[in-house]
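Notes follow once the structure below has been shown.
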Amino acid sequence: MSEPVERNLGLEMVRVTETAAMGAARWLGRGDKEAADQAAVDGMRLHLATLDIDGLVVIGEGEKDDAPMLFNGERVGSGNGLVVDVAVDPVDGTTLTAAGIPGAIAVIALSEGRGSMYAPGSLVYMDKIAVGPEAAGVIELEAPIEHNLRQVAKAKRKDVNDLRVLILDRPRNQGYIDGVRQAGARISLIGDGDVAGAIATAQDETAADILLGIGGSPEAVIAAAALRCMGGEIQCKLWPRDDGERQEAVDTGLDLDQVMTTTDLVRSDNVFFAATGVTGGEYLRAVEFRRDDHVVTQSVIMRSKTGSIRYMTATHNLARLSEISAQTLD
């Protein structure tokens, strides 16, 4: 007798990111990142409620007092089904969306089991290095920049000069920028959205080889979920911004010297990931608003247990969706 086919929650999760992306894309280039984020949150939460999961948000929009929806600790889903930790970023790249710049995506990740995702708490930044499958196992966060570049170049059978390094364009990353330039590699500075940047290192279709630098802690966990599905690797370390955060880490027992790996950030072997493009870029296409209330989205859906990675282009008829919603309310 054959084994039953397991549900792939990713195929249901993509509705969550599609709705978030379409909501945020309405605010493309309008200079209001808060409105773009709120539209994405509203859409994401609407469809999260339909998922047959017992979900707990561990990476969300912040603490409950500051985030009335999708806050850390919020329960989501039907309350039945698979017990999962949930990480969401309704718009990874709100600044990009507000400015109309490519690179923003809507993201959700689920990890089976309570406590299966690392919750960074109040320390919002991490020092990171991320690579795709070819270079997994050869990087060391605390090694010199040139050493890591040579290791990645060797693994990918490239010259260091031909590597393309993604670095978040922030003053705190100037040391990385200088180090990469001295080593002779090429750099693409990204204005925001280092989840998409980390994922890009694991895609055959992109020319990104490695992500380096200090970025958001929540984004590191979400990127780890995707890289678990893709066979890539991320290493990171908490990065306190000042003496106050450093003391807070000591007081709460956090080890600022610990180098966390992909499996430290996401411990489950059963991880689901979905993302939909908002503003477009090298990873996923932008939301396209066409005539007669038709909208086109492009998404990626992944699962670590099976190693499946699906790309989906969908056409949405908003007029029909509105009719269905109205009938449901009646």
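For the reader, a short list of remarks on this structure follows.
- Where chymotrypsin sites (Phe, Trp or Tyr not before Pro) fall in DSSP loop in region 61-163, at most 16 other Cβ within 10 Å: Phe71
- Relative to the dominant Cα principal axis of the chain, helix 10-25 is inclined by about 90°.
- Cα shape, region 26-81, gyration tensor, a/c 1.5 rule: oblate
- Cα gyration tensor shape of region 125-265, rounded if a/c is under 1.5, else prolate or oblate by comparing a/b with b/c: prolate
- With each label modelled as a point 7 angstrom along the Cα→C-beta vector, the Arg310-Phe289 pair spans 2.9 nm.
- Sparsely packed trypsin sites (Lys or Arg not before Pro) within region 255-308, loop by DSSP, other Cβ within 10 Å at most 13: Arg291
- Rounded to 10°, Cα long-axis angle of helix 145-155 versus longest principal axis of the chain: 70
- Net charge dipole size for region 125-265 [Lys, Arg +1 and Asp, Glu -1 on Cβ; Debye, nearest 20]: 560
- Farthest toward positive dipole pole in the chain [+1 Lys/Arg, -1 Asp/Glu at C-beta], among Leu265, Ile234, Leu189: Leu189
- GluC sites (Glu not before Pro) restricted to region 199-278 and DSSP loop, no more than 13 other C-beta within 10 Å: Glu205
- Over the residues of the chain, the helix contribution to mean residue ellipticity at 222 nm works out to -9500 deg cm²/dmol, using -39500 (n - 2.57) for each DSSP H run of at least 4.
- Each label point was placed 7 Å from the Cα along the Cα-to-Cβ direction; for Arg186 and Asn317 their separation is 4.4 nm.
- Helix 33-48 vs. the chain, principal-axis angle (Cα, 0 to 90°, nearest 10): 60
- Across Lys33/Lys158; Lys33/Lys156; Lys33/Lys154; Lys158/Lys237, pairs whose alpha-carbon gap is larger than 30 Å: Lys33/Lys158; Lys33/Lys156; Lys33/Lys154
- Maximal additional length on extending the Asp52-Asn80 stretch stands at 9.5 nm, based on 0.36 nm per residue less the C-alpha distance.
Computed from the coordinates by the stated procedures, all read-outs in this text should not be read as laboratory data. The structure displayed is predicted, hence computed values, not measured ones. FYI the Cβ positions are ideal-geometry reconstructions off the backbone, even for glycines, and counts take in every protein chain you see.
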